[in-house]
Amino acid sequence: MTKEKINKTALILFLFIAFTIPLFVRSATYLHILILLYFYAYLTTSWNLVGGFAGVLPLGHSVFVGIGAYTSTILSLQYGISPWIGMIAGAFIALILGVIIALPTLKMRGAYFALATIAFGEGIRVMVENINNIGPLNINGPRGIQIPPTNTGFFNFMFAGKEPYYYIILIMLILVLTLTFLISRSKLGYYLNAGGEEPEAAMALGINVAKARLTAMAISSFLTALAGTFYAQFTLYIHPKSVFSLDLSFEIAFIALIGGRGSVAGPIIGALLLRPVSDLSRIYFGSHLPGLHLIIFGAVLILVMLYQPRGLQEPLSRIYNRIIEKKILKTDK
Amino acid sequence: MIYLIEDIINGILMGSIYGLTALGLTVIFGVLKVINFAHGSLLMVGMYVAYWIITATGIHPYIALFIAAPIMFFFGYYLQDIIIKPIFKAEKNVREPITVIIVTTGLWYILDNLTLLIFGPQYRSIQDNALKGAMLEIGEIFISVPKLCGAITAVITALAIYLFFQKTKTGRAVRATSIDRETASLMGINQYKIYNIAFGIGTAAAGIAAVTLVPFYNIFPTVGVLFDIKGFIIVVLGGLGSILGAMLGGIIIGLIESVGPQFMSSTWTEAIVYGLFLLVLFIKPSGLFGIKQDW
């Protein structure tokens, strides 16, 4: 057995488990937790294109989630357009906004970029919270928008059970992972990496760092907005304080940083570790120990930054490789 | 017209207090070259410290200042020493370590939620203090006494920090480290101890700001977030690392917030603040007045 073969088998096994889970897990609560886990893994993977590969720290990505959620919801409630079409429309609006944000900010150094993205995010949240209508579009300001669960069906992106949502977000996650894998091995990925590590040196080699980052930001905002539509259709209620919130932006960044920014597996590892902590502590301790999961997040984040600044994917993949090498040695003998 | 004058005066007073809340941020940035994302949370901790001192002993809020500020200094000193210093040591050659920003964000989450866990989400305020609701009447203009006291304290604190950096030996060591850490440590300055001191001074400034706020402001676990983001905006408007800039930036925000509602709904003033911030960030990242580090 070669290493590649083992890797492939493990991947197929992983996919097989992921696709068959709803056959065993009948509890709606646990399916809900898994769906949110994939949702966060998806968001973090999209974030990682900018925050990980490009080496800057965006802290306002919830804006794109919000744009995706609001665009598809308004289009479907007021004009009867299928959320699937709204999803694409929202993604393109987010892409344009992402480019507008990126053009002036991407040249900034570390902290300035983080602050600028926070200000963008919060500024847009404040506006959405205070606007009732943009022309004919009803945004509903601070009250948020409720989606009446009347017309279920694939065209309406609305289902009675949780299983369809599970498969939709799983497929979305697999697609976005494949995409980041391909990007990380493309010219763009190498440009981003070089620009993230040593911007001056990369530029001296003739790499257009700003252009590479702009492309990454455009792709990232596009992908993030797609998940926004999914979130709106899954929870059937969107509110500026949930989809545009600073907390959501920070949670995405936390998962990526703990899992390992700039690696394909990092977001998955981060989400696998942190989401259950968050959900389970909310279920079991939510009433008498509020905010416990956020204390754990903060502590884990600090410990990871102190001892594994490249994230938990590094030691985990080292262990994984060692086990495989031992296996190969054994079979060779 | 009289209302406009009253709003302008109140805006300047509240703005000076905003400047005081951002003062620590600018001092810490000046020396450590990182933006302390936990600054609002330190302010929140300071507010709880002040609250408990005042309610437990019943002393005048401004006497509590002399107990709260030293407590906050040591809190900041050891926070930097235990949690942030190891990262500086690990990333010695990085000029502006992004990891430190991330760690202070982690601190923010821990401090806010630990407070929520221990003291609960309810709003607290100090009911029977000498300053609550006190008003100064000059002709037809009403001025809030606690805000006036806060503004005076802000100016005194800013001057005191400036003089400390200019006139004392430790202050000179801090300035030397801020200008060039390598050369400073070659001159026999222990740069990590200077970081601790700078962080302590920044936290003590947040503590002083907290004491000026508690007589008229509600205290709750997430109160820091409001001042956190406001603080970022203030220091960027005024020029990161500048003491005068922090005070001026604070006054600008205070004026927009108090005069703005005369012309538009008060929520829009918030959007204007963010807009102004982004504009300055894009066009003149060195701040509105282009003040460099001035201490």
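Every read-out reported here was derived from the displayed coordinates using simple, explicitly stated rules and does not represent laboratory data. None of the values given here were measured: they were computed from a predicted structure. Here Cβ is always computed from backbone atoms with ideal geometry, including for glycine, and neighbour counts include all displayed protein chains.
Normalised by the number of residues in chain B, the average gap of Cα pairs under 8 Å and 6 or more apart makes the relative contact order 39 percent. Farthest towards the positive end of the charge dipole of chain A, among the residues A:G98, A:L13, A:F24, is the Cα of A:L13, using unit charges on the Cβ of Lys, Arg, Asp and Glu. Averaged over peptide B:108-115, how many Cβ atoms belonging to another chain are found within 10 Å of each residue's Cβ? Other-chain Cβ atoms within 10 Å of each residue's Cβ, averaged: 6.
Could you tell me whether chain A comes out rounded, prolate or oblate from its Cα gyration tensor? Rule is a ≥ b ≥ c as square roots of the eigenvalues, rounded for a/c under 1.5, then prolate if a/b exceeds b/c, otherwise oblate. Oblate is the answer for chain A, as a/c is 1.5 or above yet b/c matches or exceeds a/b.
As I understand it, the dipole of the stretch A:3-332 uses +1 on the Cβ of Lys and Arg and -1 on the Cβ of Asp and Glu, about the Cα centre. Which of A:I33, A:M217, A:V63 lies farthest toward its positive end? Most positive-ward Cα: A:I33. Taking label points 7 Å from Cα along the Cα-to-Cβ direction, B:I82 and A:E198 give a separation of 3.9 nm.
Arrange the following residues from fewest to most other Cβ atoms within 10 Å of their Cβ: A:D279, B:D228, A:D332, B:D180.
Ranking A:D279, B:D228, A:D332, B:D180 by Cβ neighbours within 10 Å, fewest first, gives A:D332, B:D180, A:D279, B:D228.
Taking the longest Cα principal axis of chain B as reference, the axis of helix B:98-119 is set at about 50 degrees. Annotation: the residues A:L192, A:L274, B:L65, sorted from fewest to most other C-beta atoms within 10 Å of their own C-beta, follow the order B:L65, A:L274, A:L192.
Look at the alpha carbon pairs under 8 Å that are at least 6 residues apart: their mean separation over the length of chain A gives a relative contact order of 31 percent.
In terms of distances greater than 20 angstrom between alpha carbons, the cross-link table entries A:K107/B:K230; A:K5/A:K330; A:K107/B:K89 yield A:K107/B:K230; A:K107/B:K89. Restricting the stretch A:278-333 to chymotrypsin sites (Phe, Trp or Tyr not before Pro) that sit in a DSSP loop and have at most 16 other Cβ atoms within 10 Å of their own Cβ leaves nothing. When +1 charges are put on Lys and Arg Cβ atoms and -1 charges on Asp and Glu Cβ atoms, the dipole computed for the stretch A:3-332 relative to its Cα centre reaches about 620 debye. Other protein chain C-beta atoms within 10 Å of residue C-beta, averaged over A:55-61: 1. Counting Cβ atoms of other protein chains within 10 Å of each Cβ in A:296-305 and taking the mean gives 6. Most tightly packed first, judged by the mean number of other beta-carbon atoms within 10 Å of their residues, the peptides B:271-281, A:56-66 read A:56-66, B:271-281.
When +1 charges are put on Lys and Arg Cβ atoms and -1 charges on Asp and Glu Cβ atoms, the dipole computed for chain B relative to its Cα centre reaches about 1060 debye. Computed packing ranks the peptides B:135-142, A:264-271 as A:264-271, B:135-142, most packed first, by mean other Cβ atoms within 10 Å. Rounded to the nearest 500, the helix-only mean residue ellipticity at 222 nm of chain B stands at -24000 deg cm²/dmol, with each DSSP H run of n ≥ 4 adding -39,500 (n - 2.57).
Here the Kirkwood formula puts the hydrodynamic radius of the protein assembly as shown at 26.0 Å, using every distinct Cα pair. Against chain B, whose longest principal axis is taken from its Cα atoms, helix B:169-179 shows a tilt of about 80°. Scalar couplings 3J(HN,Hα) for the stretch A:216-233, obtained by applying the Karplus form with A = 6.51, B = -1.76, C = 1.60 to θ = phi - 60°, are 4, 4, 4, 4, 4, 5, 4, 5, 4, 5, 4, 5, x, 4, 4, 4, 4, 6 Hz; x denotes Gly and Pro.
Could you line up A:R282, A:R213, A:R143 from fewest to most neighbouring Cβ atoms inside 10 Å?
Details: A:R282 16, A:R213 26, A:R143 11.
Sorted ascending by nearby Cβ count, the order is A:R143, A:R282, A:R213.
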